[in-house]
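Asker: Got a structure for you, written out below as structure tokens; questions coming shortly.
The values are calculated or read from the model by the stated rules, or taken from the named source; none is laboratory data. Remember, predicted model here, so these are calculated numbers, not experimental data. We place every Cβ from the backbone using ideal geometry, glycine too, and count neighbours over all the protein chains shown.
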């Protein structure tokens, strides 16, 4: 009776699960790639050589100060025009979200490193450590304590922003909600399910962030 009221079938449930898998897959791959990009760019930004520290801004600032949807359309619709390479919706989504995540993560890395007092570096030098040794043993643990909670918050935000990929016809959670709400003519119930699934993915991540933050504090 409940199934008839929802006008959903077992196939619809499977459709939701596959869409959730797509959303999670795109997000996790993008986070992994974006984190690597962000760490590299963030460290370069910390260089004391002004020209070198400025270079990452050419990549970071345009992505931080433009809507994600325009970046997505540029990659999916724009790049094939000039490169003659057609990206699948999935690939375009991963490329866009990876670059976007990398830009924001680079800022987090840069701010975390710069947030450590200069006295910490000087104390390390006074103990006979070289620059790399000071960063590895003294600075990086403190950077990690600052970075972890902000990084998890960024990851959750990117999961939510991944809903934009539905605009290039990738069947993610949001797109599946659009399709099923039109078929069943019960938009409130369908979007409530989509809402619940997003919450079911995001909330454990937020709890994980708290646990990791506590463990990092305990470790250091």
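Asker: Of the residues 74, 14, only one is part of a helix (DSSP H, G or I) and under 20 Å from residue 164 (Cα atoms); which? Walk me through how you get there before you give the answer.
Answerer: Details: 14 fails: under 20 Å from residue 164 (Cα atoms).
On inspection, the qualifying residue turns out to be 74.
Asker: Something else: Output the residues belonging to segment 41-51 that are in contact with a helix residue (DSSP H, G or I) (Cβ under 9 Å, 6 or more places away or on another chain) and at pLDDT 90 or above.
Answerer: Here is the first cut: in segment 41-51, the residues in contact with a helix residue (DSSP H, G or I) (Cβ under 9 Å, 6 or more places away or on another chain) are 41-47.
Hits for segment 41-51 are 41, 42, 43, 44, 45.
Asker: Can you tell me which residue within segment 104-114, out of those that are surrounded by fewer than 24 Cβ atoms within 10 Å (Cβ to Cβ) and in contact with a helix residue (DSSP H, G or I) (Cβ under 6 Å, 6 or more places away or on another chain), is nearest to residue 134 (Cα to Cα)? Can you show your working first?
Answerer: First pass over segment 104-114, keeping only residues surrounded by fewer than 24 Cβ atoms within 10 Å (Cβ to Cβ): 104, 107-108, 110-114.
Filter once more, so that each one left must be in contact with a helix residue (DSSP H, G or I) (Cβ under 6 Å, 6 or more places away or on another chain): 104, 108, 110, 112-113.
Working: 104: 26, 108: 20, 110: 17, 112: 15, 113: 12 Å.
Selected residue: 113.
Asker: Follow-up. State all residues of segment 38-62 that are under 18 Å from the mean Cα position of the chain (by Cα) and surrounded by 20 or more Cβ atoms within 10 Å (Cβ to Cβ); if no residue qualifies, say none.
Answerer: The initial filter retains those residues of segment 38-62 that are under 18 Å from the mean Cα position of the chain (by Cα), namely 38-42, 59-62.
Answer for segment 38-62, where residues must be under 18 Å from the mean Cα position of the chain (by Cα) and surrounded by 20 or more Cβ atoms within 10 Å (Cβ to Cβ): 38, 41, 42, 60.
Asker: Here is a follow-up. Of the residues 21, 34, 38, which single one is out of contact with any helix residue (DSSP H, G or I) (no Cβ under 7 Å at 6 or more places or on another chain) and assigned to a helix (DSSP H, G or I)?
Answerer: Working: 34 fails: out of contact with any helix residue (DSSP H, G or I) (no Cβ under 7 Å at 6 or more places or on another chain); 38 fails: out of contact with any helix residue (DSSP H, G or I) (no Cβ under 7 Å at 6 or more places or on another chain).
Answer to the selection: 21.
Asker: Of the conditions (1) modelled with pLDDT under 85; (2) out of contact with any helix residue (DSSP H, G or I) (no Cβ under 8 Å at 6 or more places or on another chain); (3) closer than 29 Å to residue 205 by Cβ, residue 143 clears all except one; give me its number.
Answerer: (2)
Asker: A further question follows. Here are some conditions: (1) in a helix (DSSP H, G or I); (2) at pLDDT 90 or above. Residue 66 meets all but one. Which one does it not meet?
Answerer: Unmet condition: (1).
Asker: Output yes when any residue across segment 114-127 is at pLDDT 80 or above and either within 13 Å of residue 32 (Cα to Cα) or assigned to a helix (DSSP H, G or I) (or both), and no when none is. Let's see the steps before the verdict.
Answerer: Restricting attention to segment 114-127, the residues satisfying the condition of being at pLDDT 80 or above are 114.
Filter once more, keeping what is either within 13 Å of residue 32 (Cα to Cα) or assigned to a helix (DSSP H, G or I) (or both): 114.
The answer is yes, given that some residue of segment 114-127 is at pLDDT 80 or above and either within 13 Å of residue 32 (Cα to Cα) or assigned to a helix (DSSP H, G or I) (or both).
Asker: Can you tell me which condition residue 148 does not meet? The list is (1) more than 18 Å from residue 211 (Cβ to Cβ); (2) touching a helix residue (DSSP H, G or I) at 6+ places or on another chain (Cβ under 7 Å); (3) modelled with pLDDT under 85, and all the others hold.
Answerer: Result: residue 148 fails condition (1) only.
Asker: Here is a further query. Can you pull out every residue in segment 168-201 that is loosely packed, with under 15 Cβ neighbours inside 10 Å and within 23 Å of the chain's Cα centre (by Cα)?
Answerer: 169, 195, 196, 199, 200
Asker: So which pairs qualify, if the first residue must be in segment 66-95 and loosely packed, with under 13 Cβ neighbours inside 10 Å, the second must be not in a helix (DSSP H, G or I), the Cβ gap must be under 9 Å, and the two must be at least 6 apart or on different chains?
Answerer: Matching pairs, first to second residue: 88/170.
Asker: Between residues in segment 2-20 that are at pLDDT 80 or above and residues that are part of a helix (DSSP H, G or I) and surrounded by fewer than 12 Cβ atoms within 10 Å (Cβ to Cβ), which pairs lie under 9 Å by C-beta distance while being six or more apart or on different chains?
Answerer: Matching pairs, first to second residue: 20/200.
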